[in-house]
1. Does any residue of segment 98-108 turn out to be under 14 Å from Phe68 (Cβ atoms) and of a type in the set (D, E, K, R)?
2. Quickly run through segment 1-55 and pick out the residues that are under 21 Å from Thr103 (Cβ atoms) and of a type in the set (Asp, Glu).
3. Could you go through segment 171-186 and let me know if any residue there is among the charged types (D, E, K, R) and touching a residue at least 12 places away in the same chain (Cβ under 8 Å).
4. So in segment 1-42, with the set limited to residues that are surrounded by 21 or more Cβ atoms within 10 Å (Cβ to Cβ) and either acidic (Asp, Glu) or in contact with a Cys (Cβ under 8 Å, 6 or more places away or on another chain) (or both), which one is nearest to Leu230 (Cα to Cα)?
5. Of the residues that make up segment 200-223, is at least one on the phi > 0 side of the Ramachandran plot, out of contact with any His (no Cβ under 8 Å at 6 or more places or on another chain) and buried (at least 19 other Cβ atoms within 10 Å of the Cβ)?
Amino acid sequence: MTRKVSLFATCLADQFWPEVLHATVAVLERAGCKVEFDPRQTCCGQPAFNSGFGGDARTVAKHFLEVFEGAETVVVPSGSCTAMVHRFPELFRDDPELQRRVTALAHRTFELSTFLVRELQVTDLGARFAHRVAWHDACHGLRELGVSSEPRALLGAVHGLTLVDLRTADACCGFGGTFSVKFPELSTAMLDHKLSALGGDVEVISSIDSSCLMQLRGRLQREGRNVRALHLAEILASR
């Protein structure tokens, strides 16, 4: 039976990394899903929430609910945005009815790798990618959603791929959304610590979050290092 899923594009992928969205659709369709996209979607509200603007976050969350409440399943190529949707119930503690509705929606909202492995029980998508790849555990995915083994299982099934164990795999990249803007020196120091374990044999660093990848790619390019930053979906969509 074909699984019908609604794609939540995320702001960063929509504005800066659209190839991640094309790859996500290709991967989901390869896994036997019918993918729907509602153009009314906007943001998950995380920037406002993290900056202390609870009222604005609630407004955005209500719009998210209006757009996706009718969806059977929502799939997100981002751990941080998925984690934010799972936090929606916190925003509506004073409104039991809305809290009930956003809680139900949160239970139907999945980060891409967890949806593939836990829900569809799929790991081998027929991808071919003959490169040495290091994995970055994005903070929200790892610490809030428990995403760790799922992307590794998917990468392990990619033909020709060599997964390189990175000593700093679970270290933060220093992005943190507005954190990198407010504390650029600290953010850069965390980023340099992250990349200090990246050996010369690594060709690609990958993750589930475009935000982390944008941070990593920027530093790698500034340092002139010949390492690409690719979203998990981009590797899984390769042939």
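Readers should treat all values here as calculations from the given coordinates under stated rules, not as data from a laboratory. Not measured: the values here are computed from a predicted model. With ideal geometry, Cβ positions are generated from the backbone for all residues, glycine too; neighbour counts draw on all protein chains shown.
1. Yes, segment 98-108 contains a residue that is under 14 Å from Phe68 (Cβ atoms) and of a type in the set (D, E, K, R).
2. Matches in segment 1-55: Asp38 only.
3. No, that holds for no residue.
4. Step by step, filter segment 1-42, then rank; the result is Thr10.
5. no
Results for (1) within 25 Å of Cys11 (Cβ to Cβ); (2) aliphatic (A, V, I, L, M), shown as yes or no for each residue.
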| site | (1), (2) |
| --- | --- |
| Lys182 | yes, no |
| Lys194 | yes, no |
| Leu198 | no, yes |
| Val204 | yes, yes |
